[in-house]
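This report refers to the structure that appears directly beneath it.
The numbers here are math on the coordinates, done by the rules we state, and not lab data. The structure displayed is predicted, hence computed values, not measured ones. Cβ placement follows ideal geometry from the backbone for every residue including glycine, while neighbour counts extend to all protein chains displayed.
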Amino acid sequence: MGDGYVVAAKPSARRVSGAVGAWIAESGQQRRFDSKAVAREWASEVSPDGRTLWVQDAHPRDGSGADGYLLARRSTVRGNQEELPGEQVGFSELRSR
């Protein structure tokens with residue numbers, strides 16, 4: 001995939017963040033960052049109050065040309081509750097729960 005870390009924005013991220021929508025309108029759905037850490041930092045910066053955007057690695061056989069995806073959790077938060085950050089777990093961990 002070359003140098004850096006390529007992130008493709010999913011529709012969920014575009015719907016919750018005006019900054020992500022502007023980025024897609026300006027530059028297209030994919031963006032190259034210097035590293036995954038920089039992509040994660042940017043995701044945090046463009047997360048609107050009360051919402052969480054995160055970067056998740058793409059499957060190696062995905063074929064999209066992206067190293068990862070920018071995602072947003074569906075909002076189930078009501079009132080003034082704060083949304084908790086999502087976490088990525090391995091399949092083997094899910095099976096043991």
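Below, the figures for the structure above:
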{"quantity": "The stretch 12-40, residues that are outside any helix (DSSP H, G or I) and small (Gly, Ala, Ser)", "calculated": "17, 28, 35"}
{"quantity": "Residue within the stretch 60-77 that is buried (at least 18 other Cβ atoms within 10 Å of the Cβ) and assigned to a helix (DSSP H, G or I) present", "calculated": "no"}
